[in-house]
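Worksheet: one structure, shown below.
The values are calculated or read from the model by the stated rules, or taken from the named source; none is laboratory data. Quantities reported herein were computed from a predicted structural model and do not represent experimental measurements. Cβ sites come from the backbone with ideal geometry, for glycine too, and all protein chains shown count toward neighbours.
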Amino acid sequence: MLGGAVLPPAGDATPEQEMIRWSILVATSLIALGVGYAMTAPIGSRFEKYRISTERILLVPRLGMMIGIGTILISVLMAPFSNDVYQGVICPCNWTENFHLQYTTMSILVAYAPMKYIIWIGFNTVAFLAMITGLLGFHRWWKNPIFSTPGKRIVLIIWLILTFTLAFSISADLMFSRHFDRTLHIQLGYFFFVSTALGALFGHPLIHWESVARKEKGLQVSEKGVKWSLYAMLTCFFLSLWYLDMYELQIVSTMILENRTEGTLAISEHLLIIAQLTWLGSLSTIFLANQDSEEEE
């Protein structure tokens, strides 16, 4: 219990229950990966017939941003009006009465209707779109001569792995939610926050290198998109450190906040997720401005 907040019961699943959900999660993730690869297949590959048109597929990162932020806003706005009961505990969402005790995180809201349906559909969709974004960026940058050096290719591979980790951890956090198995949920949450912070941190250099090279060739570059990526990446990284400190370390946050409450923890989580989604959205702006690169290189 945090700061006197009334939270739903913390779950403790059996190994058999966990195994069933792991099986479902891994199977659906592999299917999503296969579908995502087919949708972003390079021109000339045997999966080209399943490829989505360039103009539409480049909008995927922006769509992921809009769905993710919309999911948070809709869930937060609907929560105060929820009367759903989970195992005898009424939804602890009435922050109009007490923000610090009742404003709560996605992992709490996902236990209650109707927010749990919105969060499940919304964030699983974001996870799929993030996976597509990783494949889209990898196909785009791997064949680009700009990224032919070993160091840049290593950064690209790390970014791809972090993007996949982010997508998987989003779905895993929902599958192993707090009310199902709190311990496992927290462990998977660390993967989410690490991939959130480092994904943008390793992704922005890829954007920077491509933009610099295109400028040198006199090609079009989205200055707005590059700045958007930079500011979102910095915000995402520092908010990740802030959330980690608030949740676990409690070093810097205790100097700024008198008490750590459920409300302050929740708003920090929401801002962090929004920052990551905002960085994701910047990729569409950059990709659309540079969409002639495939034909040029």
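Please work out which residue is nearest to residue 103 (Cα to Cα), limiting yourself to the range 1-57 and to residues that are aromatic (Phe, Trp, Tyr) and at pLDDT 80 or above. So that I can check it myself, show each step before the final result.
Quick first cut of the range 1-57, residues aromatic (Phe, Trp, Tyr) only: 22, 37, 47, 50.
Among the residues that remain, those that are also at pLDDT 80 or above are: 22, 37.
Working: 22: 30, 37: 39 Å.
By that ranking, first place goes to 22.
Does residue 214 satisfy the criteria of being of a type in the set (D, E, K, R), more than 21 Å from residue 287 (Cβ to Cβ) and either surrounded by fewer than 21 Cβ atoms within 10 Å (Cβ to Cβ) or out of contact with any strand residue (DSSP E or B) (no Cβ under 7 Å at 6 or more places or on another chain) (or both)?
On the way: of a type in the set (D, E, K, R): yes; more than 21 Å from residue 287 (Cβ to Cβ): no; either surrounded by fewer than 21 Cβ atoms within 10 Å (Cβ to Cβ) or out of contact with any strand residue (DSSP E or B) (no Cβ under 7 Å at 6 or more places or on another chain) (or both): yes.
Considered against the rule, which asks whether it is of a type in the set (D, E, K, R), more than 21 Å from residue 287 (Cβ to Cβ) and either surrounded by fewer than 21 Cβ atoms within 10 Å (Cβ to Cβ) or out of contact with any strand residue (DSSP E or B) (no Cβ under 7 Å at 6 or more places or on another chain) (or both), residue 214 comes out as no.
Please count how many residues of the range 43-58 are in contact (Cβ under 8 Å) with a residue 12 or more places away in the chain and either surrounded by fewer than 15 Cβ atoms within 10 Å (Cβ to Cβ) or polar (S, T, N, Q) (or both).
We begin by selecting, within the range 43-58, every residue in contact (Cβ under 8 Å) with a residue 12 or more places away in the chain; these are 43, 50-52, 54-55, 57-58.
Pick out the ones that are also either surrounded by fewer than 15 Cβ atoms within 10 Å (Cβ to Cβ) or polar (S, T, N, Q) (or both) and you get 43, 50, 54-55.
Number satisfying all stated conditions: 4.
Just give me the residues in the range 285-297 being surrounded by 21 or more Cβ atoms within 10 Å (Cβ to Cβ) and either modelled with pLDDT of 90 or more or of a type in the set (A, V, I, L, M) (or both), in sequence order.
Selection gives 286 alone.
Given the options 39, 65, name the one that is surrounded by 16 or more Cβ atoms within 10 Å (Cβ to Cβ) and within 24 Å of residue 272 (Cα to Cα).
Details: 39 fails: within 24 Å of residue 272 (Cα to Cα).
Among 39, 65, only 65 is surrounded by 16 or more Cβ atoms within 10 Å (Cβ to Cβ) and within 24 Å of residue 272 (Cα to Cα).
Being part of a helix (DSSP H, G or I) and farther than 29 Å from residue 77 by Cβ is true for just one of 281, 203. Which residue is that?
Values: 281 fails: farther than 29 Å from residue 77 by Cβ.
Result: 203 is the single residue among 281, 203 that is part of a helix (DSSP H, G or I) and farther than 29 Å from residue 77 by Cβ.
Report yes if some residue within the range 69-90 is of a type in the set (Ser, Thr, Tyr), out of contact with any His (no Cβ under 6 Å at 6 or more places or on another chain), part of a helix (DSSP H, G or I) and surrounded by fewer than 15 Cβ atoms within 10 Å (Cβ to Cβ); otherwise report no.
Filtering the range 69-90 for residues of a type in the set (Ser, Thr, Tyr) gives 71, 75, 82, 86.
Add one more test, that the residue is out of contact with any His (no Cβ under 6 Å at 6 or more places or on another chain), and what stays is 71, 75, 82, 86.
This time we only want the ones that are part of a helix (DSSP H, G or I), so: 71, 75.
Pick out the ones that are also surrounded by fewer than 15 Cβ atoms within 10 Å (Cβ to Cβ) and you get none.
Within the range 69-90, none of the residues are of a type in the set (Ser, Thr, Tyr), out of contact with any His (no Cβ under 6 Å at 6 or more places or on another chain), part of a helix (DSSP H, G or I) and surrounded by fewer than 15 Cβ atoms within 10 Å (Cβ to Cβ).
Could we say that residue 44 is of a type in the set (Gly, Ala, Ser) and within 25 Å of residue 181 (Cα to Cα) here?
Numbers: of a type in the set (Gly, Ala, Ser): yes; within 25 Å of residue 181 (Cα to Cα): no.
Answer is no for this residue.
Residues of the range 138-193 being part of a loop (DSSP other than H, G, I, E, B), among the hydroxyl-bearing types (Ser, Thr, Tyr) and surrounded by fewer than 20 Cβ atoms within 10 Å (Cβ to Cβ), which ones?
Kept after step one, since they are part of a loop (DSSP other than H, G, I, E, B), are these residues of the range 138-193: 143-144, 148-149, 176-181.
Within this subset, residues satisfying the condition of being among the hydroxyl-bearing types (Ser, Thr, Tyr) are 148-149, 177.
Of everything in the range 138-193, those that are part of a loop (DSSP other than H, G, I, E, B), among the hydroxyl-bearing types (Ser, Thr, Tyr) and surrounded by fewer than 20 Cβ atoms within 10 Å (Cβ to Cβ) turn out to be 148, 149.
Considering the range 236-280 alone, what residues qualify as being of a type in the set (Gly, Ala, Ser) and either surrounded by fewer than 21 Cβ atoms within 10 Å (Cβ to Cβ) or without any contact (Cβ under 8 Å) to a residue 40 or more places away in the chain (or both)?
As a first pass, look at the range 236-280 and keep what is of a type in the set (Gly, Ala, Ser): 240, 253, 263, 266, 268, 275.
If the condition is that a residue be of a type in the set (Gly, Ala, Ser) and either surrounded by fewer than 21 Cβ atoms within 10 Å (Cβ to Cβ) or without any contact (Cβ under 8 Å) to a residue 40 or more places away in the chain (or both), then 253, 263, 268 are the ones that fit.
Would you point out which residue out of 133, 96 is out of contact with any strand residue (DSSP E or B) (no Cβ under 8 Å at 6 or more places or on another chain) and part of a loop (DSSP other than H, G, I, E, B)?
Working: 133 fails: part of a loop (DSSP other than H, G, I, E, B).
Of 133, 96, the one residue that is out of contact with any strand residue (DSSP E or B) (no Cβ under 8 Å at 6 or more places or on another chain) and part of a loop (DSSP other than H, G, I, E, B) is 96.
Answer yes or no: is there a residue in the range 100-112 that is out of contact with any Phe, Trp or Tyr (no Cβ under 9 Å at 6 or more places or on another chain) and either assigned to a loop (DSSP other than H, G, I, E, B) or without any contact (Cβ under 8 Å) to a residue 12 or more places away in the chain (or both). Talk me through it step by step, then tell me what you get.
Of the residues in the range 100-112, the ones out of contact with any Phe, Trp or Tyr (no Cβ under 9 Å at 6 or more places or on another chain) are 100, 105, 107-109.
Remaining after also requiring either assigned to a loop (DSSP other than H, G, I, E, B) or without any contact (Cβ under 8 Å) to a residue 12 or more places away in the chain (or both): 105.
Yes, there is a match, as at least one residue in the range 100-112 is out of contact with any Phe, Trp or Tyr (no Cβ under 9 Å at 6 or more places or on another chain) and either assigned to a loop (DSSP other than H, G, I, E, B) or without any contact (Cβ under 8 Å) to a residue 12 or more places away in the chain (or both).
Could you say whether any residue in the range 194-204 is surrounded by 14 or more Cβ atoms within 10 Å (Cβ to Cβ), closer than 15 Å to residue 273 by Cα and among the β-branched types (Val, Ile, Thr)? Please lay out each step first, then the result.
Initial filter on the range 194-204 (surrounded by 14 or more Cβ atoms within 10 Å (Cβ to Cβ)): 194-204.
Adding the requirement that they be closer than 15 Å to residue 273 by Cα leaves 194-201.
Checking the rest, the ones that are also among the β-branched types (Val, Ile, Thr) come to 194, 196.
Scanning the range 194-204, I find at least one residue that is surrounded by 14 or more Cβ atoms within 10 Å (Cβ to Cβ), closer than 15 Å to residue 273 by Cα and among the β-branched types (Val, Ile, Thr), so the answer is yes.
Can you tell me which of 271, 265, 230, 244 is at pLDDT 80 or above, in contact with a helix residue (DSSP H, G or I) (Cβ under 9 Å, 6 or more places away or on another chain), closer than 20 Å to residue 126 by Cβ and of a type in the set (A, V, I, L, M)?
Within the list 271, 265, 230, 244, the selection yields 271.
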